[in-house]
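Worksheet for the structure shown next.
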Amino acid sequence: MGNIFPRWTNLLAIKVLVCLGALGTCAIAVAWYSWTPKYTRVGYMPQQPIPFDHSLHAGQLGMDCRYCHSQVENSPHSNIPAAQVCWNCHGPGKVKSDSPKLEPLRQAMDTNYEKYTGQPIEWVQLHKVPDYAHFSHQAHVNRGVSCVECHGRIDEMPVVYHAKPLSMSWCLDCHRDPGKVLRPLDQITNLKWGADDLDPESFYAYVAGKTKVSVEDLKKSDQGKAWDRELIGAHLQKAWSVHPPQDCAACHY
Amino acid sequence: MRWFFLILAIASITVALAIGPRGEKFSTPPFMLFPDMDNQYKVKAQKPSEFFENGQGARVPVEGTVPFGYAPPKEGVSAAGPLDFSRGDDYLNTGLFGDFYGKGFPGEIKLDETLLARGKERFRISCSPCHGMSGNGAGIVSKYWAIPPTANLVDPRVKSMPEGQIFWTITHGKGLMGPYNGVLSVKDRWAIVAYLRGLQAASGN
């Protein structure tokens, strides 16, 4: 019998396997990199009906988030402010009341305006967890988790964009180890807060009052440790006994 | 095989360039891999709804009904609008006794340290942009108004106002100041009044 298969076919199977392997690796690499919320959501920056600038209002003017997002502490949903809230400052005779950028606001609020509709301003929603998962703002902001952990430095954003992935693994990463992020409750909306802004003496006194451990003992156990967010968070976690849930039914119900 | 890898390399680079790094800004809604059940057909807070005629998910209560926890208006009290039942008509909710501003705090409000701390926090959130941290009317926004008319809350005029009138002002606004009943609960409004009394006492005017 002669050779039915020429010589070059000897390695064919291996070559095909190698090629398929390389192709598969590339395909998986692409999927791994881009089929995740870290890629699909982070950076989402839709055009809003009014070019509202957080870096001006929350940053430069120093307004507190809760002036506008007023229900964030007592409801699962953090509200987008009603047009009336903008009207407090941008109404007739006030700040930039005839700015062309505020056209939709006048349509919603100014009854003397010829294009008045009275319809709410249709802001585009960026952050959204799927409807099968339940998220609550009040459960977080009243337990020492700041807006910045989940929304980034909003007070530096001229246009809001999606800064964190909001995926399930992201929720759980924090739920497994919340100590790193906790901060005193009066600093929740102060996005640039850092460990240096907290006075160690009054902090130890506060923790001692909560945990019934004396200030001296607390300080002794912290000797040699750096004064940073991790240390503060660890104390607060113990003082408030923070235990974020990890069971499926906490979020999926 | 050489050709294959050459093509693969070119394809990879093209795909990599097309994808770009994570975190780039874009304005089209995010791509959803498995959109099943992500958007369920139900009414959600502050969202539109196709189900209702006016397209709004938020509903106005049916005529003749009262939301849980609210009182219907008493006989003879003129309702300012269809939703007026949501505010009671007693001193706590209006700051008025009949047609007059009331003096002092209503019995339901306990004047203590927690109330003052709450009032301080809320004052700084809701009032300080215009009236300033100390209430002197020199908040940051007053620098941007063409004619700065923001009232000085620690001068003798406001100091001599009855508590009920300040409460009423926060609730309904006055002149160029808008109403704050939508963002501040009744209790928070009284807490602000209490804190403001403290600021006025501290100012020495």
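The values are calculated or read from the model by the stated rules, or taken from the named source; none is laboratory data. Only a predicted model underlies this, so the values are computations on that prediction, with no experimental measurement involved. Don't worry about glycine lacking a Cβ; one is built from the backbone with ideal geometry, like all the others, and counts go over all protein chains shown. Note: accessible area is taken over every heavy atom of the protein model, side chains too, but ligands, DNA and RNA are not part of it. Shrake-Rupley method; radii C 1.70, N 1.55, O 1.52, S 1.80 Å.
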Problem set entry | Per-region count, region A:211-247, residues part of a loop (DSSP other than H, G, I, E, B), open to solvent by less than 40 Å² (accessible area, probe 1.4 Å) and under 22 Å from A:E149 (Cβ atoms) | 2
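When region A:138-195 is examined, which residues are found to be in contact (Cβ under 8 Å) with a residue 12 or more places away in the chain, of a type in the set (D, E, K, R) and over 25 Å from A:H57 (Cα atoms)? Can you show your working first?
Taking region A:138-195 as the starting set, the residues that turn out to be in contact (Cβ under 8 Å) with a residue 12 or more places away in the chain are A:138-139, A:141-168, A:170-172, A:174-176, A:178-185, A:187-195.
Okay, now just the ones that are also of a type in the set (D, E, K, R), so A:143, A:149, A:153, A:155-156, A:164, A:176, A:180, A:183, A:192.
A:R143, A:R176, A:K180, listed by residue number.
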Seminar exercise, completed: Okay, helices (runs of 4 or more DSSP H) sitting entirely in region B:123-192 with 1 or more residues that are among the acidic types (D, E), I get B:163-172
Exercise. Mind checking whether some residue in region A:48-63 is open to solvent by less than 40 Å² (accessible area, probe 1.4 Å) and either modelled with pLDDT under 90 or farther than 27 Å from B:S27 by Cβ (or both)?
Worked result: no
Exercise. What single numbered condition from (1) in contact with a Leu (Cβ under 9 Å, 6 or more places away or on another chain); (2) crowded, with 18+ Cβ neighbours inside 10 Å; (3) not β-branched (V, I, T) fails to hold for A:P165?
Worked result: (1)
Exercise. In this structure, does A:V16 turn out to be farther than 29 Å from B:S185 by Cβ, aliphatic (A, V, I, L, M) and within 11 Å of chain B (Cβ to nearest Cβ)?
Worked result: yes
Seminar exercise, completed: Residue pairs within 6 Å by beta carbon, gap of at least six or interchain, first lying in region B:1-30 and at the interface with chain A (Cβ under 7 Å from one of its Cβ atoms) and under 30 Å from A:A13 (Cβ atoms), second open to solvent by 80 Å² or more (accessible area, probe 1.4 Å) and among the charged types (D, E, K, R), listed first then second, are B:M1/A:K15
Exercise. Just to be sure, is A:D196 acidic (D, E), within 21 Å of A:Q71 (Cβ to Cβ) and either under 11 Å from the mean Cα position of the chain (by Cα) or assigned to a helix (DSSP H, G or I) (or both)?
Worked result: no
For this session: Can you work out which of the residues in region A:102-144 that are among the charged types (D, E, K, R) and under 27 Å from the mean Cα position of the chain (by Cα) is least open to solvent (accessible area, probe 1.4 Å)?
Result: A:D131
For this session: Among the candidates A:A163, A:A139, single out the residue that is of a type in the set (G, A, S), touching a His at 6+ places or on another chain (Cβ under 7 Å) and under 21 Å from A:C65 (Cβ atoms).
Result: A:A163
Exercise. For region B:97-122, how many residues are of a type outside the set (G, A, S), touching a residue at least 60 places away in the same chain (Cβ under 8 Å) and either assigned to a helix (DSSP H, G or I) or open to solvent by less than 80 Å² (accessible area, probe 1.4 Å) (or both)?
Worked result: 8
Exercise. Is region A:80-93 home to any residue that is free of Cβ contacts under 8 Å to residues at least 60 places away in the same chain, assigned to a loop (DSSP other than H, G, I, E, B), in contact with a Pro (Cβ under 8 Å, 6 or more places away or on another chain) and within 11 Å of chain B (Cβ to nearest Cβ)?
Worked result: yes
For this session: Evaluate region B:146-155: report whether one residue or more is open to solvent by less than 20 Å² (accessible area, probe 1.4 Å), closer than 13 Å to B:G198 by Cα and modelled with pLDDT under 95.
Result: yes
For this session: Among residues belonging to region A:19-44 that are facing chain B (nearest Cβ under 8 Å) and open to solvent by 70 Å² or more (accessible area, probe 1.4 Å), point out the one that is nearest to A:C171 (Cα to Cα).
Result: A:K38
Problem set entry | Verdict on A:L198 being open to solvent by less than 70 Å² (accessible area, probe 1.4 Å) and among the aliphatic types (A, V, I, L, M) | yes
Exercise. When both residues are 6+ apart or on different chains and their Cβ atoms are under 6 Å apart, which pairs have a first residue that lies in region B:34-60 and is at positive phi, and a second that is open to solvent by 100 Å² or more (accessible area, probe 1.4 Å) and at pLDDT 85 or above?
Worked result: B:G55/B:P48
For this session: Tell me, please, whether a residue that is touching a helix residue (DSSP H, G or I) at 6+ places or on another chain (Cβ under 9 Å), acidic (D, E) and surrounded by fewer than 18 Cβ atoms within 10 Å (Cβ to Cβ) can be found in region B:180-189.
Result: no
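Matching residues to (1) in a loop (DSSP other than H, G, I, E, B); (2) among the aromatic types (F, W, Y):
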{"position": "B:F4", "(1), (2)": "no, yes"}
{"position": "B:P21", "(1), (2)": "yes, no"}
{"position": "B:T28", "(1), (2)": "yes, no"}
{"position": "B:F52", "(1), (2)": "yes, yes"}
